[in-house]
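Below are the structure tokens for one structure; questions will follow.
The values are calculated or read from the model by the stated rules, or taken from the named source; none is laboratory data. Given the structure is predicted, the values throughout are model-derived calculations rather than measurements. Cβ placement follows ideal geometry from the backbone for every residue including glycine, while neighbour counts extend to all protein chains displayed.
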Amino acid sequence: MLKIVRCLSLLICLCLMAACQRSTPAALPTATLPAASPTSEPSPTPRPTSAPPTPTLAPTATLRPLNLTPAQPRAPQSVIPVGMDGRLVSGTAGNPWWNDTVFYEIFVRSFYDSDGDGIGDLNGLIEKLDYLNDGDPTTTTDLGITGIWLMPIMKSPSYHGYDVTDYYTVNPEYGTNADFKRLMEEAHKRGIYVIIDLVLNHTSAQHPWFIEAQDPNSERRDWYLWNETGGPGWHRSPNGGYYFGLFWDQMPDLNYNNPAVTAEMLNVTRFWLEEMGVDGFRLDAIKHLIEEGTQTENTPATLRWFETFYDFYKSVNPHAFTVAEVWSPTQTVAKYTGRKVDICFEFDLAEAIKDSAFRGRPAGLMLTQETVIAAYPPGQYATFLANHDQSRTRSSMMNDEQAKIAATLQLTFSGVPFIYYGEEIGMQGAKPDENIRRPMQWTPEGGFSTGTPWRGYHEDYPTRNVAMQNTAPDSILNHYRTLIALRNHHAALRVGEWKPVKTDPLTVYSYIRAVEGEVILVVVNLSGKPIEDYTLELAEGPFTAQMQPAFLMGDGVLSMPPVNARGGFDAYRPVTPLLPYGSLVIQFTP
Ligand SMILES: [Ca+2]
Ligand SMILES: [Ca+2]
Ligand SMILES: [Ca+2]
């Protein structure tokens, strides 16, 4: 049996290598922005009723510097919001589709329970899709996100699901494989892409593979890592010997030096892409995949393995997308980006944004943003504020206004934004993990389940919930809705060049985003006080004296920028005063 598996996997590896050698990057297509006159209004697009069109563009060809001079006529803003034109398989201005996407991370167990057993499920999520995006571009009552990342949905004995016992079956607590396919269909109808968590590094200790492997004579023995002496990360097996489980004794690491393991996990990858129709994967803890000696992270073998993986999933679907968790400093993360995985989460940036919002001054934010811009291909990184492993953003802030500022700084920056569920209403929670993964607060009664929730709500649910924030114009929820809508409508915010603006005082933070025909100026008052006396300075830039400013967010009387000879401005004060914790987003068009 093992021999057959090994022969098969060798064959697969050989095929992969051959495929790898054959593939050369396709020519970059021209930008696919719809031609539009600057004055036309967004128009409703018929909701697609059929399956997504076959992808025709190779996203691998798009990892190159942006060309800010598209051949199309000038379009100050995209006429059709992204995610609304059927499935956008190619992105704006030659970028991949994910640069036009705002993702939302969902813990299914805590999102919405459809059957009253206290556990969120896939049918519950389907019921709430209209909250996320109703598929109708003329309504602004939805959140407007265009992508979903589902935390693990495969069969698992734990509440979080990061220890899988069956890679081919949906956790029965969440639903069935058929339910999942219906979710894919309903999401795609609304212009929402769906990616799922894929846990490659380890299985559950209760996975049949590991149960078999405990027998030293089993054919599965070599699917995991064993030694006779133990050590840090090694756990005693009841049948003798020690197995390696970096995170937990219930999560034994798979042995990727064994080609049969690679072959099987590629099968899993193919199954979800082909049979279940996912648009891609969030890859868990990938820096720990292959150990070399005592080195347990970022080994050369791990980086090499992901080259194989990349070629494989792109061969199954050239538009499949991966976003990886490499919880390391930027320079290390960047090594994985492109030809290994598509993009990785930017942990340093998340910390810098939250730190600046909390401290009320830009604590290293500009340097971090410059480092990020320089480290990756343009826009090829995932931005976020918090995820299921970290304190919720609101719990790291002093008030709701600071949480809004953090959202402004994330959603007007480049990259691919990810929003953890509940962040849009400022849900609170800090470690232990269960407390940052609590049920979604839908109504003053809670509204997550008609039964007893698997874990209690955060205590503030009677006053902090979707229903109440829905009708409060200044709520965090409506702030998120506005920012996401702006991003969906304005190419400059999605794929525009980023340029820092010098400010005085430093409690004012500012930058521009620019594409041909549109410049967007972001100005944030990080402090809780109004600021009358301030100046913005941009040594050189894309401004012309003819440009007209207009508010996309904020209000007041706008003044024209004193444009200098190099297209920048020397001492600009667009509006007075800057309100406490105020976010201004100002558009300039010719
Ligand atoms: Ca349920
Ligand atoms: Ca809508
Ligand atoms: Ca490992």
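Just checking, does segment 354-364 include any residue being touching a residue at least 40 places away in the same chain (Cβ under 8 Å), hydroxyl-bearing (Ser, Thr, Tyr) and buried (at least 22 other Cβ atoms within 10 Å of the Cβ)?
Looking through segment 354-364, at least one residue is touching a residue at least 40 places away in the same chain (Cβ under 8 Å), hydroxyl-bearing (Ser, Thr, Tyr) and buried (at least 22 other Cβ atoms within 10 Å of the Cβ).
Right, another one. Any idea how many residues of segment 328-351 are aliphatic (A, V, I, L, M) and closer than 15 Å to PRO417 by Cα?
The total comes to 3.
For every residue, the table says whether it meets (1) crowded, with 24+ Cβ neighbours inside 10 Å; (2) outside the structural domain of LEU129 (by TED's automatic domain parsing); (3) over 20 Å from ARG270 (Cβ atoms).
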| site | (1), (2), (3) |
| --- | --- |
| TYR167 | no, no, no |
| PRO172 | no, no, yes |
| ASP179 | no, no, yes |
| LEU183 | yes, no, no |
| HIS188 | no, no, no |
| ILE192 | yes, no, yes |
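Determine the pairs where a residue that is closer than 15 Å to SER156 by Cα and of a type in the set (A, V, I, L, M, F, W, C), located within segment 243-257, has a partner that is away from ligand 1 (no atom under 16 Å from the Cβ) and at pLDDT 95 or above with Cβ atoms under 6 Å apart, the partner being 6 or more residues away or on another chain.
MET251/ASP163; MET251/HIS202; MET251/GLY245
In this structure, is THR101 surrounded by fewer than 22 Cβ atoms within 10 Å (Cβ to Cβ) and either more than 16 Å from ligand 2 (Cβ to nearest atom) or at negative phi (or both)?
Details: surrounded by fewer than 22 Cβ atoms within 10 Å (Cβ to Cβ): no; either more than 16 Å from ligand 2 (Cβ to nearest atom) or at negative phi (or both): yes.
Considered against the rule, which asks whether it is surrounded by fewer than 22 Cβ atoms within 10 Å (Cβ to Cβ) and either more than 16 Å from ligand 2 (Cβ to nearest atom) or at negative phi (or both), THR101 comes out as no.
Filter segment 450-468 for residues that are out of contact with any strand residue (DSSP E or B) (no Cβ under 8 Å at 6 or more places or on another chain) and buried (at least 22 other Cβ atoms within 10 Å of the Cβ) and give the result.
Hit for segment 450-468 is ARG464, nothing else.
Within segment 241-250, is even one residue among the polar types (S, T, N, Q) and surrounded by 15 or more Cβ atoms within 10 Å (Cβ to Cβ)? Reasoning before the result, please.
Initially, segment 241-250 is screened for residues among the polar types (S, T, N, Q), giving 250.
Subset that is surrounded by 15 or more Cβ atoms within 10 Å (Cβ to Cβ): 250.
Yes, segment 241-250 contains at least one residue that is among the polar types (S, T, N, Q) and surrounded by 15 or more Cβ atoms within 10 Å (Cβ to Cβ).
Being more than 28 Å from ARG304 (Cβ to Cβ) and either surrounded by 15 or more Cβ atoms within 10 Å (Cβ to Cβ) or within 16 Å of ligand 1 (Cβ to nearest atom) (or both) is the filter here, so list the residues in segment 219-240 that pass it.
Matches in segment 219-240: SER237 only.
Next question, about the same structure. Identify, from the list LEU283, LEU303, LEU289, the residue that is crowded, with 21+ Cβ neighbours inside 10 Å, more than 25 Å from LEU183 (Cβ to Cβ) and assigned by TED's automatic domain parsing to the domain that holds VAL333.
The unique qualifying residue is LEU289.
Checking ALA374 against (1) in contact with a Ser or Thr (Cβ under 8 Å, 6 or more places away or on another chain); (2) among the hydrophobic types (A, V, I, L, M, F, W, C); (3) free of Cβ contacts under 8 Å to residues at least 12 places away in the same chain: exactly one of these is not met. Which one?
The failed condition is (1).
Take segment 282-334 and flag every residue that is acidic (Asp, Glu) and within 22 Å of the chain's Cα centre (by Cα).
ASP284, GLU307, ASP311, GLU325
Okay, next question. What are the residue pairs meeting all of these: first residue in segment 272-296, first residue without any contact (Cβ under 8 Å) to a residue 24 or more places away in the chain, second residue part of a loop (DSSP other than H, G, I, E, B) and more than 16 Å from ligand 2 (Cβ to nearest atom), Cβ atoms under 6 Å, and 6 or more apart or on different chains?
If the second residue must be part of a loop (DSSP other than H, G, I, E, B) and more than 16 Å from ligand 2 (Cβ to nearest atom), the pairs left are GLU292/THR299.
Looking at segment 385-420, which of the residues that are buried (at least 22 other Cβ atoms within 10 Å of the Cβ) and among the hydroxyl-bearing types (Ser, Thr, Tyr) is farthest from ALA363 (Cα to Cα)?
Per the stated criteria, the residue is TYR420.
List the number of the failed condition for GLY567; all other conditions in (1) touching a strand residue (DSSP E or B) at 6+ places or on another chain (Cβ under 7 Å); (2) over 29 Å from ASP355 (Cα atoms) hold.
All conditions are met except number (1).
Quick one: which strands (runs of 3 or more DSSP E) sit completely within segment 483-528 and have at least 3 residues that are in contact (Cβ under 8 Å) with a residue 60 or more places away in the chain and farther than 18 Å from LEU578 by Cβ?
508-515
Sticking with this one: For residues that are of a type outside the set (Ser, Thr, Tyr) and either modelled with pLDDT under 95 or more than 16 Å from ligand 1 (Cβ to nearest atom) (or both), scanning just segment 140-151, find the one that is nearest to LEU283 (Cα to Cα).
TRP149
Give me the helices (runs of 4 or more DSSP H) completely within segment 245-359, filtered to those with at least 1 residues that are within 22 Å of HIS235 (Cβ to Cβ) and within 13 Å of ligand 3 (Cβ to nearest atom), ordered by residue number. Even if it seems obvious, please write down each step before you answer.
Details: elements: 259-270, 300-316, 330-333, 347-359.
It comes to 259-270, 300-316.
Exactly one condition in (1) aromatic (Phe, Trp, Tyr); (2) out of contact with any strand residue (DSSP E or B) (no Cβ under 6 Å at 6 or more places or on another chain); (3) under 20 Å from PHE180 (Cα atoms) is false for TYR193; which is it?
(2)
Is segment 125-139 home to any residue that is within 16 Å of ligand 1 (Cβ to nearest atom) and crowded, with 23+ Cβ neighbours inside 10 Å?
Yes, because at least one residue in segment 125-139 is within 16 Å of ligand 1 (Cβ to nearest atom) and crowded, with 23+ Cβ neighbours inside 10 Å.
Next question. Just checking, does segment 113-132 include any residue being among the small types (Gly, Ala, Ser), in contact with a helix residue (DSSP H, G or I) (Cβ under 7 Å, 6 or more places away or on another chain) and without any contact (Cβ under 8 Å) to a residue 60 or more places away in the chain?
yes
For segment 435-465, what are the residues that are over 22 Å from the mean Cα position of the chain (by Cα) and hydrophobic (A, V, I, L, M, F, W, C)?
Across segment 435-465, the qualifying residues are TRP442, PHE448, TRP454.
Please verify whether segment 114-123 includes one or more residues that are away from ligand 1 (no atom under 16 Å from the Cβ) and surrounded by 22 or more Cβ atoms within 10 Å (Cβ to Cβ).
Checked segment 114-123: no residue is away from ligand 1 (no atom under 16 Å from the Cβ) and surrounded by 22 or more Cβ atoms within 10 Å (Cβ to Cβ).
Separate question: Scan segment 525-570 for residues that are within 15 Å of LYS499 (Cα to Cα) and of a type in the set (A, V, I, L, M) and jot them down.
LEU536, LEU538, ALA539 - these are the residues of segment 525-570 that are within 15 Å of LYS499 (Cα to Cα) and of a type in the set (A, V, I, L, M).
Here is a follow-up. Here's a check for you: in segment 297-322, which residue that is in contact (Cβ under 8 Å) with a residue 40 or more places away in the chain and more than 17 Å from MET265 (Cα to Cα) is nearest to ligand 2 (Cβ to nearest atom)?
Result: HIS319.
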